[in-house]
1. Out of (1) touching a strand residue (DSSP E or B) at 6+ places or on another chain (Cβ under 9 Å); (2) surrounded by fewer than 24 Cβ atoms within 10 Å (Cβ to Cβ), the odd one out for Ala34 is which?
2. Report the residue count in segment 198-222 for those that are of a type in the set (A, V, I, L, M), without any contact (Cβ under 8 Å) to a residue 40 or more places away in the chain, in a helix (DSSP H, G or I) and under 19 Å from Val11 (Cβ atoms).
3. Could you grab me the full set of residues in segment 49-99 that are small (Gly, Ala, Ser), part of a loop (DSSP other than H, G, I, E, B) and in contact with a helix residue (DSSP H, G or I) (Cβ under 9 Å, 6 or more places away or on another chain)?
4. Looking at (1) in contact (Cβ under 8 Å) with a residue 12 or more places away in the chain; (2) closer than 22 Å to Asp101 by Cα; (3) assigned to a helix (DSSP H, G or I), find the lone condition where Trp157 falls short.
5. Taking the residues in segment 228-250 that are touching a helix residue (DSSP H, G or I) at 6+ places or on another chain (Cβ under 9 Å) and surrounded by fewer than 12 Cβ atoms within 10 Å (Cβ to Cβ) as candidates, determine which candidate is nearest to Ile218 (Cα to Cα).
6. Anything in segment 161-191 that is assigned to a loop (DSSP other than H, G, I, E, B) and within 17 Å of the chain's Cα centre (by Cα)? List them, or say none.
7. Would you mind telling me which numbered condition in (1) crowded, with 16+ Cβ neighbours inside 10 Å; (2) over 25 Å from the mean Cα position of the chain (by Cα); (3) among the hydroxyl-bearing types (Ser, Thr, Tyr) Thr257 fails?
8. Going by the structure shown, is Thr137 over 21 Å from Ile211 (Cβ atoms), crowded, with 23+ Cβ neighbours inside 10 Å, under 19 Å from the mean Cα position of the chain (by Cα) and touching a residue at least 12 places away in the same chain (Cβ under 8 Å)?
Amino acid sequence: MEALRGARVVVTGAGGGIGSALARAFAAEGARVAVNDLDAEAARKVADEIGAAVVPGDASSVVPAARTALGGGIDVFCANAGVGTGGGPEADDADWELAWDVNVMAHVRAARALLPEWLERGEGRFVSTVSAAGLLTMIGAAPYSVTKHGALAFAEWLSLTYRHRGIHVHAVCPQGVRTAMLDSTGPAGDLVLAPTAIEPEDVARAVLDGIAAERFLILPHPEVAEYAAARAAEPERWLGGMNKLQRAYEDRLAERTVRQEEERA
């Protein structure tokens, strides 16, 4: 993609999973990439592999260091870092606060730091890794679902507010992706996400295609569009279907508990 050749690109959470696939994909297109991750060693490994700059640390405050590492400016910012916090209202406040801070406020803080530069030159691109949970929901993971809805809402707000001023925004909403985060979702992920899970490289290709087509909503799983339409058009039917999944999830949890008790006996 000629538009990305020489572009200065930041990818947060790029030490593995979708983030590392995005970093590799942008580098392959000739972009100058800055790899960010809390895991400094993982970030450095990816950066060394693709000849990129490395800016380890918190995704919420990476913009100044990344700007310096890329020679004074940023053209594309991929807000990819995220946490898959599970549980419901009973989850600790700390879990809710972490999900809110990483999945939403890191995007807000990055945009706050980037927008003055972008608005001054009339161009910039913000790529938000949201998840299909932001359009739909995820059983067993209220903090994740709620904050991913927030991430989508913020991306929508950025797009509708600044698109006439040259700011391009994309919301990437995959379902299951074969990453460490999917591995950590347990029975819920096995039930809902694993059957149709794709590789991180598939998501990266979808992102490049979405940028080329200037699509706000990027759906690596195209069927998510149908699910979202059904959710909007027939909410009672959709909620009933999701509750059926919830009951199947509870059955799996009960079966696992029985197995664990038998193993301890």
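1. (2)
2. Number satisfying all stated conditions: 1.
3. If the condition is that a residue be small (Gly, Ala, Ser), part of a loop (DSSP other than H, G, I, E, B) and in contact with a helix residue (DSSP H, G or I) (Cβ under 9 Å, 6 or more places away or on another chain), then Gly51, Ala52, Gly57, Gly73, Ala81, Gly82, Gly84, Gly86, Gly88, Ala91 are the ones that fit.
4. (1)
5. The residue in question is Ala232.
6. Cys173, Pro174, Gln175, Gly176, Arg178, Thr179, Ser184, Thr185
7. All conditions are met except number (1).
8. Taking the combined requirement at face value, the residue does not satisfy it.
The values are calculated or read from the model by the stated rules, or taken from the named source; none is laboratory data. All values reported here derive from a predicted model rather than from experimental measurement. Ideal geometry is used to build each Cβ from the backbone, glycine not excepted, and the neighbour counts take in all protein chains shown.
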